[in-house]
Amino acid sequence: MSVMKRLSGIVQAKANKALDKAENPADMLDLSYEKQMENLTKVRRALADVATARKRLELQATQLQAQAQKLQDQAKQALGQGQEDLARQALARRATIAEQLESLGTQHQQVETQQQQLETTASRLQAQVGAFRTKKETLKASYTASKAQASIGEAVSGISESMTDAGMTLDRAQDKIAQMQARAGAIDELLDTGALPDALGGGGDDIQKQLDATSKAGQVDAELAALKAEIGTGASEPSASLPPGAAPGTNGGAAAAPPSGNGTATPEGSNG
């Protein structure tokens, strides 16, 4: 039994919370105003009905008074003609009408009292409805202003949160840029020192290195042999071209030119 009570309490609490969330004060104020207007309309209708009943009683009383006056005249006329019995009957009917008039008078007084009470109630209710309408419009305006202010506060809060997120994003971007700049500087240093290929390639290919070294060694040997051959050639040519006893140095150690066309031999080496 206690479990069912707790479940019922939970359901009722959640239902009340949902109703409070869905309830719009402006709509509730308008609904209350409509109900008060309905009550005022009912009072006015009742007042109109009572006034109509009072008017009918007054009309009946007027008719009965006319009948009573007519019977009074007829009784006089019958008595003047010596018809006493007829005059008595007329007076008896007049007495009955008088009783009816007395009853109508009592009813009229009651209806008139009810009408006065309803008029007082309608006036008081009209004043209350008018005051409630003014207060309703004031409260609705206050609610609208408060709702707008709350919306502005929520919007400002959202802007503040977005600005905070933007600031954090900028900080992260600056950190990332600084990290990339540092990495680029480190790579430049590795490129300048020549350590980047070893650091990136893990030492390279040993066979390729041996092949490259062999190629370089062969090229160096070929260049060395060419230099030796050039040096050796330059040392042997003077001894082979100069005659015995001739001193090297004339025209670079070259042989004498053949005689000219006039048969006179002029040593070329003498031209220095």
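Some values worked out for this structure:
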read-out	value
Additional length obtainable on full extension of the chain from Met180 to Ala127, 0.36 nm per residue less Cα span	11.2 nm
Residue (of Gln69, Ala122, Pro25) at the positive-pole extreme of region 12-158, dipole from beta-carbon charges	Pro25
Sites Thr113 and Ala92, calculated FRET efficiency, Cβ-Cβ separation with R0 35 Å, nearest 0.05	0.60
Length released on extending from Asn39 to Asp85, taking residue separation times 0.36 nm less the Cα-Cα span	10.7 nm
Average projected area [Cα convex hull, region 12-158], square nanometres	13.9
If the convex hull is drawn through the Cα atoms of region 19-74, its volume per residue in Å³	47
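No value in this document is a laboratory result; all are computed from the given coordinates. For clarity, every value in this text was computed on a predicted model and none was experimentally measured. Glycine gets a Cβ as well: all are built from the backbone with ideal geometry, and neighbour counts include every protein chain shown.
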